[in-house]
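Shown next, in structure tokens, is the structure this report addresses.
Values quoted throughout were computed directly from the atomic coordinates according to the rules given, and no laboratory measurement underlies them. Since the model is a prediction, treat every value here as computed from it, not as a measurement. Here the Cβ positions follow ideal geometry from the backbone for every residue, glycine too, while neighbour counts run over all protein chains shown.
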Amino acid sequence: MSDKIEVENLNLFYKDFQALKDVNINIRENRISALIGPSGCGKSTFLRVLNRMNDLYEGVRVEGNVLLDGNDIYKDNVDVVALRKRVGMVFQRPNPFPMSIYDNVAYGPRIHGKRNKKALDELVEMSLRGAALWDEVHDRLLKPALGLSGGQQQRLCIARLLAVEPDVLLMDEPSSALDPISTLKIEELIQVLKNDYTIVIVTHNMQQAARVSDYTAFFLNGELIEYGETEEIFTRPRDRRTEDYITGRFG
């Protein structure tokens, strides 16, 4: 099992405020890594580091190295559009485009030059199957995506991501806006997807982290306090602060 992403001596500043402090972490390929910690601890900021989403904010400065398959994604010559195709993101609230289910999934491939109708049809079906949504929507692909339930919309956003054939899936609290049944479907889907993708998920839900992840990283005040196999982190944490957070003493 190899490392997909290696982060070395990472510091991130929003103008004068240091949001991440000397973070070192290796993210394993085809595994699910959960990022946990209280609000404002830096976990979502760290997630956005991995596909340079923080570049969109004014005054952000990043120091250190972030290697994807051994290549530093913060070098000046990196094509950020190509990077975000390889390292895609699903957000907290489902954000389907105001167009048909089919066009949502086909949108990315079309942007990247795929125009052949038969090839697009196959890719849309494969992506919807990959997101465990095909059986529910195959007979209404031309209907508006905004007519789907919240849970279906989130799986559609995952299908939209899969359609551009990424290597890494970043998920920022993908089920926090969903009901328990939809949350369970997303969790089951994540477990299946790790066979083909490296997944990093931010979650406030301790039980979810314990259920779905192989590795867990605990962040506090911009620092990575502890990182290891999920079972170890939850049953035998090495740092008292990790134990205090997991047992609900703060957070």
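How much length is gained if the chain between Asp214 and Asp16 is pulled fully straight, taking 0.36 nm per residue apart and subtracting their Cα-Cα distance, in nm to one decimal? Intermediate results must be reported in sequence, preceding the final value.
Numbers: separation 198, 0.36 × 198 = 71.28 nm, distance 3.50 nm.
Net length gain for the segment: 67.8 nm.
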| remark: Subtracting the Cα-Cα distance of Met126 and Glu6 from 0.36 nm times their residue separation yields 40.2 nm
| remark: Low-density loop trypsin sites (Lys or Arg not before Pro), segment 1-85, at most 15 other Cβ within 10 Å, DSSP non-H/G/I/E/B, are Lys15, Lys75
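Going through segment 72-120, which chymotrypsin sites (Phe, Trp or Tyr not before Pro) have at most 12 other Cβ atoms within 10 Å and a DSSP loop state?
On the way: sites: Tyr74, Phe91, Tyr102, Tyr107; in loops: Tyr74, Phe91.
Those that pass, being in a loop and sparsely packed, number zero.
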| request: Take the alpha carbon atoms of segment 182-251, find their center, do the same for segment 79-156, and report the distance between the two centers in whole angstrom. | output: 28 Å
| query | Does segment 104-251 come out rounded, prolate or oblate by the C-alpha gyration tensor, with a ≥ b ≥ c the root eigenvalues, rounded set by a/c under 1.5 and, if not, prolate when a/b is larger than b/c and oblate if not? | reply | prolate
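Using a ≥ b ≥ c from the Cα gyration tensor of segment 183-251 (square roots of the eigenvalues), is it rounded, prolate or oblate, where a/c under 1.5 gives rounded and otherwise the larger of a/b and b/c decides, a/b for prolate? Walk me through the intermediate numbers first.
Values: a/c = 2.09, a/b = 1.83, b/c = 1.14.
Since a/c reaches 1.5 and a/b is larger than b/c, the shape of segment 183-251 is classed as prolate.
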| request: May I ask you to derive the FRET efficiency for Asp139 and Glu232 from their Cβ-Cβ distance with R0 = 51 Å, giving the value to the nearest 0.05? | output: 0.65
| the chain: relative contact order as a whole-number percent, Cα under 8 Å and 6+ apart | 27 percent
| note | Label model pair Ala119, Asn205: point-to-point distance (7 angstrom along the Cα→beta-carbon line) in nm is 3.8 nm
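Would segment 79-133 count as rounded, prolate or oblate if I go by the C-alpha gyration tensor, calling it rounded below 1.5 in a/c and otherwise prolate when a/b exceeds b/c, oblate otherwise? Intermediate values should be presented prior to the final figure.
Working: a/c = 1.61, a/b = 1.11, b/c = 1.45.
Taking the square roots of the gyration eigenvalues as a ≥ b ≥ c, segment 79-133 is oblate.
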